[in-house]
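J.: Could you have a look at this structure, given as structure tokens, before my questions?
The values are calculated or read from the model by the stated rules, or taken from the named source; none is laboratory data. Treat the numbers as computed from the prediction; the structure is a model and nothing was measured. Note that each Cβ is placed from the backbone with ideal geometry, even for glycine, and that neighbours are counted across all protein chains shown. Ligands, DNA and RNA are excluded from the accessible area calculation, which covers all protein heavy atoms including side chains. Shrake-Rupley method; radii C 1.70, N 1.55, O 1.52, S 1.80 Å.
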Amino acid sequence: MKNIVSILFIGLLFTGCEKTIDLDYKSNQSRIIIQGNITNGAGPYYVKITKSIPLKDTGSYPVIDDAVVTISDDAGNSEVLTAGGNGTYHTNALAGVEGRTYTLTVQAGNQTYSAQSTMPKRVPFDSIRVETHIVTGETEYSIIPVYPDPLTKGNNYRFVLWLNNKLINQHLIQNDEVRNGVANSVRLEINDDDIEFKPGDSVTLQMQCIDKNVALYYRTLALISDSGPGGGTTPNNPPNNISNGALGLFSAYTVETKSVVMP
């Protein structure tokens, strides 16, 4: 592949002065972006609705403030969210409950979009274990979230990382495909190219128990680009759970947070 890219690059060098290349942006038209979460924590819960912009354009994403947004669950509860401006919508009374399946419905313009996500049962987040290793005279850190994976297979976990209260824009996903039903001892695959852990640093982890579709989204997003823990949208959007060609993600998850000081 590298050889092919090199050949193409050399070819462009020789022809660049002779021919103007017009990029075709037809396949990069504006699309609706829906980003919503519901957790087992206290509400309100939020949905953000914007539009993507063509690749050739610059600027912020236009917001959609006139949509009708509804979240319901499989226990018969339903709520129409309140518009709060700037493309945001919020609940007022709906509660996030473990084990329930939530359906998000968005009516925007003459289109209807829907998504479903099941909130897994909460897996306790026991602690954060930090291991140090000396490599070529330098100390390297491994961060291990400790939690008892249930005997039932198919659990997926997402971790959001803060270093000294600064959000680290990486997507950290674990599952029980290899080590089912045991206490986790696997370190997080943190890209430390732009992160330098030091003694005394404060590390905070938020553990989310997520369903399989949400896990697939974040695993794919991590392969494409570490653009943000909120599921940043990229030109090659990961497979998501929203219908009708919308970008973004709707996720129902449990949440628990722990902190540790680096030794």
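J.: Find the residue count for segment 130-153, including only residues that are in contact with a strand residue (DSSP E or B) (Cβ under 8 Å, 6 or more places away or on another chain) and closer than 19 Å to Gly181 by Cα.
T.: The qualifying residues number 6.
J.: Additional query: Residue pairs, Cβ under 9 Å, 6 or more apart or interchain, first in segment 195-220 and at positive phi, second modelled with pLDDT under 95. List them.
T.: Every condition considered, the pairs that remain are Gly200/Pro263.
J.: For residues that are of a type outside the set (A, V, I, L, M) and assigned to a strand (DSSP E or B), tally how many sit in segment 61-80.
T.: 5
J.: Output the number of the condition that Val130 fails; it satisfies all remaining conditions of (1) under 26 Å from Asp211 (Cβ atoms); (2) assigned to a strand (DSSP E or B).
T.: Here Val130 meets the rest and fails (1).
J.: Exactly one of (1) more than 20 Å from the chain's Cα centre (by Cα); (2) of a type in the set (Ser, Thr, Tyr); (3) part of a strand (DSSP E or B) is unmet by Tyr157. Its number?
T.: That leaves (1) as the condition not met.
J.: Out of Ala215, Ala222, report the one residue that is at pLDDT 95 or above, open to solvent by less than 70 Å² (accessible area, probe 1.4 Å) and out of contact with any helix residue (DSSP H, G or I) (no Cβ under 9 Å at 6 or more places or on another chain).
T.: Ala215
J.: Quick one: how many residues across segment 46-83 are at pLDDT 95 or above and either touching a Pro at 6+ places or on another chain (Cβ under 9 Å) or β-branched (Val, Ile, Thr) (or both)?
T.: Number of matching residues: 12.
J.: Mind checking which pairs have a first residue in segment 236-254 that is at negative phi and free of Cβ contacts under 8 Å to residues at least 12 places away in the same chain and a second that is open to solvent by 30 Å² or more (accessible area, probe 1.4 Å) and of a type outside the set (Ser, Thr, Tyr), Cβ under 7 Å, 6 or more apart or different chains?
T.: none
J.: Right, here's the next one. Six or more apart or on different chains, Cβ under 6 Å: which pairs go from a residue in segment 122-143 that's more than 30 Å from Gly41 (Cα to Cα) to one that's of a type in the set (Lys, Arg)? Could you list them?
T.: none
J.: Quick one: which residue in Ile128, Ile134 is among the β-branched types (Val, Ile, Thr) and closer than 21 Å to Thr39 by Cβ? Reasoning before the result, please.
T.: Details: Ile134 fails: closer than 21 Å to Thr39 by Cβ.
Only one candidate qualifies: Ile128.
J.: Let me ask something else about it. Of all residues in segment 167-199, which are among the small types (Gly, Ala, Ser), part of a loop (DSSP other than H, G, I, E, B) and touching a Pro at 6+ places or on another chain (Cβ under 9 Å)?
T.: Gly181
J.: Suppose we filter Leu104, Leu13 for residues that are of a type in the set (A, V, I, L, M, F, W, C) and modelled with pLDDT of 95 or more; which single one remains?
T.: The match here is Leu104.
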